[in-house]
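The values are calculated or read from the model by the stated rules, or taken from the named source; none is laboratory data. Note that the coordinates shown come from a computational prediction; the quantities given were computed from them, not determined experimentally. Glycine gets a Cβ as well: all are built from the backbone with ideal geometry, and neighbour counts include every protein chain shown.
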Amino acid sequence: MFIGEYRHTVDDKGRVAVPARFRTQLAEAPVVTRWLDSCLAIFPRVEFERLAERVAALPLGDANARTFRRHVFAHAFELELDRQGRVLVPPSLREWAGLTTEAVVVGGHDHVELWTPEAWASYSAAMSAPEVLAEHLQSLGF
């Protein structure tokens, strides 16, 4: 399970260090793609395959399903961890997410998210407001 929040630099080549506690889970052919809320998601191969199965089960006639399918798969790339535990994020994805010199690496249970510090701070602040969090939990049945 991926948990926690970490700050790492994005080097001149577009590499981001993966937190040490995430490296074992991402050692075998992880996949990065555009994700929700304008961040990037890195999935272990097995979790990406589970996601692919769920998306494949969606009805082709549903425009929302087609949009989500294209959003995730058209922009997905396989990654490799180098000896220093870094991944090279493709330029098109860095540009889309606005990642330049720093990234916030956030645990997302079955995947890792990459955010710009500004976007994460804004999202995190909004998510942390007690009344907003209570509304979200209530709508989910908690």
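Key figures for this structure:
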| read-out | value |
| --- | --- |
| Segment 102-130 residues that are part of a helix (DSSP H, G or I), paired with ones that are among the acidic types (Asp, Glu) and at pLDDT 95 or above (beta carbon under 8 Å, 6 or more apart) | Pro117/Glu102; Trp120/Glu5 |
| Of residues in segment 104-133 being closer than 15 Å to Leu36 by Cβ and hydrophobic (A, V, I, L, M, F, W, C), the one surrounded by the most Cβ atoms within 10 Å (Cβ to Cβ) | Val112 |
| Residue match in segment 78-89 (condition: out of contact with any helix residue (DSSP H, G or I) (no Cβ under 9 Å at 6 or more places or on another chain), polar (S, T, N, Q), surrounded by fewer than 16 Cβ atoms within 10 Å (Cβ to Cβ) and under 25 Å from Met1 (Cβ atoms)) | yes |
| Looking only at segment 62-77, and only at residues there that are of a type in the set (Gly, Ala, Ser) and surrounded by 15 or more Cβ atoms within 10 Å (Cβ to Cβ), the one that is nearest to the chain's Cα centre (by Cα) | Ala76 |
| Residue in segment 40-56 that is assigned to a loop (DSSP other than H, G, I, E, B), free of Cβ contacts under 8 Å to residues at least 24 places away in the same chain and over 26 Å from Thr116 (Cβ atoms) present | no |
| Failed criterion for Ala29 (all others in (1) on the phi < 0 side of the Ramachandran plot; (2) assigned to a loop (DSSP other than H, G, I, E, B) hold) | (1) |
| Failed item in (1) more than 15 Å from Gly14 (Cβ to Cβ); (2) of a type in the set (A, V, I, L, M, F, W, C); (3) at pLDDT 95 or above, with Leu58 passing the rest | (3) |
| Residue among Val18, Val31 that alone is within 23 Å of Asp82 (Cβ to Cβ), β-branched (Val, Ile, Thr) and either exposed (fewer than 13 other Cβ atoms within 10 Å of the Cβ) or in contact with a helix residue (DSSP H, G or I) (Cβ under 7 Å, 6 or more places away or on another chain) (or both) | Val31 |
| Odd one out for His75, checked against (1) in contact with a helix residue (DSSP H, G or I) (Cβ under 7 Å, 6 or more places away or on another chain); (2) assigned to a helix (DSSP H, G or I) | (2) |
